[in-house]
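Here is the structure we will look at, set down as C-alpha cells.
The values are calculated or read from the model by the stated rules, or taken from the named source; none is laboratory data. Small disclaimer: the values here were computed from a predicted structure and weren't measured. FYI the Cβ positions are ideal-geometry reconstructions off the backbone, even for glycines, and counts take in every protein chain you see. Heavy atoms of the whole protein, side chains included, go into the accessibility calculation; ligands, DNA and RNA do not. Shrake-Rupley method; radii C 1.70, N 1.55, O 1.52, S 1.80 Å.
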Number of protein chains: 2
Amino acid sequence: MKTAPQPLAFADGVFPAGCPSRTLLDHITSKWGVLILLALSEGKHRWSDLRRRAEGISEKMLAQTLKTLERDGLVSRDAQPVIPPRVDYSLTERGYELTALLVPLAAWTFENAEVIINGIQQDK
Amino acid sequence: MKTAPQPLAFADGVFPAGCPSRTLLDHITSKWGVLILLALSEGKHRWSDLRRRAEGISEKMLAQTLKTLERDGLVSRDAQPVIPPRVDYSLTERGYELTALLVPLAAWTFENAEVIINGIQQDK
DNA sequence: ACTCCAGCTTACCCAAAGGTCGGTACCTTA
DNA sequence: TAAGGTACCGACCTTTGGGTAAGCTGGAGT
C-alpha cells in the first residue's frame, strides 16, 4: 500500500480505505471533535467550560471525544490533585498545528452558513 | 488566544446549537462529504470516477452526498443527454473557496496519520 | 443531614447513518 | 439472446453514534 509522504498523496485515491488517514480524519471531522478542537484553539478549558462551549454535547460524548483526541496526541489533559477536582484541557503542539488549519475552515463555514442553508431548501 | 482574522464569531459559543452553521459543518465534515470535496478539488469527475476515488463509498451514499453538496451550492451537476448517460460533477466557485481551506487540512491529516494512529493504541 | 458541585464512568437504548441488493432505462458488444 | 456498462432510485436491514440516567468521590453550602 502507499505510504509515500508526498505533498498531495491523495492524487491517486483520496485517502485509501482502511488507512490510518481515514481513521484520523474521522476523529478530527467527527461531530464533536471539530467543536472541541475549535473551543480549545482559544486556550485551555475545563470540563464544564467545554460542555458550555460545545453547546449540546452530552457528558458521555465529551468524555469520549476528549479521550480520542488525547490518544491522538492533539489534546493534553492536566489533572490537578486539588480539593475540588480541577482538570484543564488544552491543545498540544500538534493540536495547534491542526487547529491553525481548522479555524479558517470553521470561519468560512460560519460566515457562509446562513446564505447556504437558509437560502436553500433544507429537508435533511 | 486569537487565531482568526475576523472578530471570531464563535468567540461566545463555538457554533451555537441548532444554527445553520452546525448543519453546514455537518455536511462538510460528513464521512463522505470530505472525500468527495477533496476528489473534486482536482477537477471534474464522473459518477464512476468518484466511486473509485472515494474508496469504499456505496452508490447510495454517493448519490446522497452529492445531492446534499449540490443543494448547498458547493458542487454542480452537469448532465449531458448523450446516448450512454454522462454526468460530470465539479466544484462551484463557492466549492473552490471551501476546498482551498479543506485541502491543507487533509494534507496535514494524511501526513500525520501514520505517526498518530500507528504509534498509539487504536481500539476503536 | 441533605443536597449540590466538579469530573468523570458505566449501562441501557434508540434513531439515524450507512450497507446490501434489486430495479430501471438505454445502448453496446459478443 | 445474453451479458455488461452508466447513472441512478428505493426498500430493507444492520451497525453505531450518541442521548439519558444513574453512580461515585469528596468537599462546601444551608
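Here are the numbers for this structure:
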item: Of all residues in the stretch B:77-107 being out of contact with any strand residue (DSSP E or B) (no Cβ under 8 Å at 6 or more places or on another chain) and within 16 Å of DNA strand D (Cβ to nearest atom), the one that is most open to solvent (accessible area, probe 1.4 Å); result: B:Ile83
item: Check on B:Arg94, touching a Gly at 6+ places or on another chain (Cβ under 7 Å) and outside any loop (DSSP other than H, G, I, E, B); result: yes
item: Residue tally, condition hydrophobic (A, V, I, L, M, F, W, C), at pLDDT 90 or above and open to solvent by 40 Å² or more (accessible area, probe 1.4 Å), over the stretch A:5-51; result: 1
item: Qualifying positions in the stretch B:52-76 - of a type in the set (Gly, Ala, Ser) and open to solvent by 10 Å² or more (accessible area, probe 1.4 Å); result: B:Gly56, B:Ser58, B:Ala63, B:Gly73, B:Ser76
item: Odd one out for B:Ala54, checked against (1) in contact with an Asp or Glu (Cβ under 9 Å, 6 or more places away or on another chain); (2) at the interface with chain A (Cβ under 9 Å from one of its Cβ atoms); (3) modelled with pLDDT under 95; result: (1)
item: Meets criteria (within 12 Å of DNA strand C (Cβ to nearest atom), modelled with pLDDT of 95 or more and within 12 Å of chain A (Cβ to nearest Cβ)) for B:Thr65; result: yes
item: The stretch A:78-99 - residue that is among the small types (Gly, Ala, Ser) and either over 13 Å from A:Ile28 (Cα atoms) or within 16 Å of DNA strand C (Cβ to nearest atom) (or both) and, of those, nearest to the other protein chains (Cβ to nearest Cβ); result: A:Ser90
item: Scope the stretch B:51-76; condition of a type outside the set (Ser, Thr, Tyr) and under 15 Å from B:Tyr96 (Cα atoms); matching residues; result: B:Leu69, B:Glu70, B:Asp72, B:Gly73, B:Leu74, B:Val75
item: Exclusive hit being more than 9 Å from chain A (Cβ to nearest Cβ), under 15 Å from the mean Cα position of the chain (by Cα) and touching a residue at least 12 places away in the same chain (Cβ under 8 Å), set B:Leu35, B:Leu40, B:Leu24; result: B:Leu40
